[in-house]
Every structure is written in C-alpha cells, then in structure tokens.
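Below: the structure, in structure tokens.
The values are calculated or read from the model by the stated rules, or taken from the named source; none is laboratory data. The model shown is predicted, which means the values in this text are computed figures rather than measured ones. All Cβ positions, even for glycine, are placed from backbone atoms using ideal geometry, and neighbour counts span all protein chains on display.
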Amino acid sequence: MLYSLRAMSERTEEQPERKVPALVVSGFLGAGKTTLIRRLLDEAVRSGVRVALVSNELGALGIDRALLGGGGDAYVEIEGGCVCCELSDDLLETLQGLREQVGPDRVVIETSGVALPFDTQLNFWREPVCQWIGDDMAVVVANAEQLAEGRDLKGTFADQVTSADLIILNKIDLLDADGVEEAQRRLREIEPEAPVVLARQGDIPMDLLFPPDATQGSGPDRTGPGPEPRPHSHEEFVTEIWSVPQGIALQELESRLAEPGLLRAKGFAQTDAGIRLVQVVGRRIELHPVEEAVEPDLLDRIVLIRRRNES
C-alpha cells in the first residue's frame, strides 16, 4: 500500500502561539519501528492530521522510504549516521525546514536502530526549534524475541529502553506464552518503571502515541538550558552494502545471510523465485515476496550491520 504524505503537507494558517508535539520512535536494530510508523501514518491520513516524518537510517540506501511508500514533501530521510550525535545539526536543519515548508500538526522522528532517544530529544532545546516544538515523548520499540533469547541486551539496547517514556514490546506473535513472560521479565530487569504495551506487528492504539488533544497545549518552556546528557555507552557499528548477484538462489541467499555476527540486514534482492524483501534480525531471516514495484537502484543491494569489533 502506498502512503500519500504529500496530501498532508499543504499549508494552512496556524496560530502563532501553537506549538507542535514531537514523537521520537527508537528501538534496537530490527525491533519493528518502520512497521509502527506505517500504522501511525495510516491513522494520520484517515484523520487528516499533517505529520512531518524524519527517518534516520544507518545505511545510505533509502530502504525505509520504499517501505513507507515513497513519502512526499513531509518526509525527509537523514542517512549515513545517527541523529542523536554526529548528524544532530542535520536534524535541526531538517526540522526547521519542515516547519517552514510544511507547517505540520505533529513531528515524528524515527531514529536509526543504534541511536539514543534521550540524546535525540536534547535537540528540541536548541535554537530555533525550541521556539516551536511542544510536548515530546520517546517511544522505544523492543523486540520480544530478542529479549526472550537474552540477545544484545546490554549497551545500546539498555540505554534505549531506560530512557523511554513508553515501551512497545513488539513481535509477541513470534513467541509462546512462556516466551512472552520471559521477555517481560528481562525487560523489567533492565527498565522497571516505564509503561509497557504488548504488540503484534506494531499494532497499538495510536492515541497512546499522540493523544487526541496533543496539539492543544503550549508545550514546555525551553528558554533555559536543556537537560544534561545521560551517561551511556554509545557502541560503534559498521554498515556494508552487499551487491547481491541477480537471480541468486533463495537457498544461497539465506545461507549468505546466516553469517555469525550479523545484527541486521535489510534490502531487496532479485532471486530465482522473484523479488524478495530481505529482513534479517539476529538469527531470524525473512524473505518476503514483493508485490509493489521497487526502484531499480534499490534492487540487489542489501544493507548489512554489525558491531565494529565483529566486522
């Protein structure tokens, strides 16, 4: 399904004092952030709310744009790094540009899978966006299967969930009841206080992300100094773009993606069985048939992400 964000980007007159609520969607590699964003945009289209979306990808292919249906004037991708640190100035410039060109009702920032939500939110205290960003919230999507397996729960993952205002425990459909219970137990060991919502494929009430009256408040006063950055362990990750041989056999593709140390892979491949959307998260490899047309420059290119010391 294609999502028409351009229809939400038409200017309307706004009250000068009106501030725009912001949502930071974070979560470790492969947690299901893009699926959640797709649902949020669906709801925005249905309700006529103008959402400006900034998507931050670690790789530089623009795969999320394809998965979200192409976007429009209200969609901007920032690629090749994290908006919580080295690309924070790019984020500031992008937000201000969207404010001036689109006039959104709401702002959503989808961070890369290794970014830290609190550090991203600190940018809302910087000029000039501090003048018009209103209430903000950090939503962290957590992969229930990852938690149940006890995989990659230190470092970046722990820093993400401990700075969440709301945690969405996603992909519970991949586990049995005991697995879901184990995932919740491990999550509570890391973050005992933040509210948690269970979800299958990012399906939650959208009012949890933006309440119906989200655009009515004036927002916090950000005229003073912002909060201090929290201590964290910003791990280093390395990305690689694999050029896949056209017509590769499905079995060979799956075998190549089963390499040790691979945290995440995402892209499109023309296999001997047709075009497949490649999604790798930990040990889970998914090769989904693709019905919609894919831009030629995205075909047969897959982003691979590993920890730097495992490359």
Among the residues of segment 183-210, the number that are surrounded by 14 or more Cβ atoms within 10 Å (Cβ to Cβ), in a loop (DSSP other than H, G, I, E, B) and more than 17 Å from the chain's Cα centre (by Cα) is 2
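Only strands (runs of 3 or more DSSP E) wholly contained in segment 232-299 count here; list those with 1 or more residues that are in contact with a helix residue (DSSP H, G or I) (Cβ under 9 Å, 6 or more places away or on another chain), touching a residue at least 60 places away in the same chain (Cβ under 8 Å) and among the aliphatic types (A, V, I, L, M).
Qualifying strands (runs of 3 or more DSSP E): 237-243, 262-271, 274-281.
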Could you list, in sequence order, all residues of segment 276-299 that are over 30 Å from residue 155 (Cβ atoms), surrounded by 11 or more Cβ atoms within 10 Å (Cβ to Cβ) and modelled with pLDDT under 95?
-> 290, 292, 294, 295, 298, 299
Identify, please: which residue in segment 256-269 is farther than 11 Å from residue 298 by Cβ and over 21 Å from the mean Cα position of the chain (by Cα) and is, among those, surrounded by the fewest Cβ atoms within 10 Å (Cβ to Cβ)?
-> 260
Turns out the helices (runs of 4 or more DSSP H) fully within segment 72-182 with at least 2 residues that are of a type in the set (S, T, N, Q) are 88-101, 117-121, 156-161
Identify, please: which residue in segment 25-53 is among the β-branched types (Val, Ile, Thr) and over 18 Å from residue 95 (Cβ atoms) and is, among those, surrounded by the fewest Cβ atoms within 10 Å (Cβ to Cβ)?
-> 45
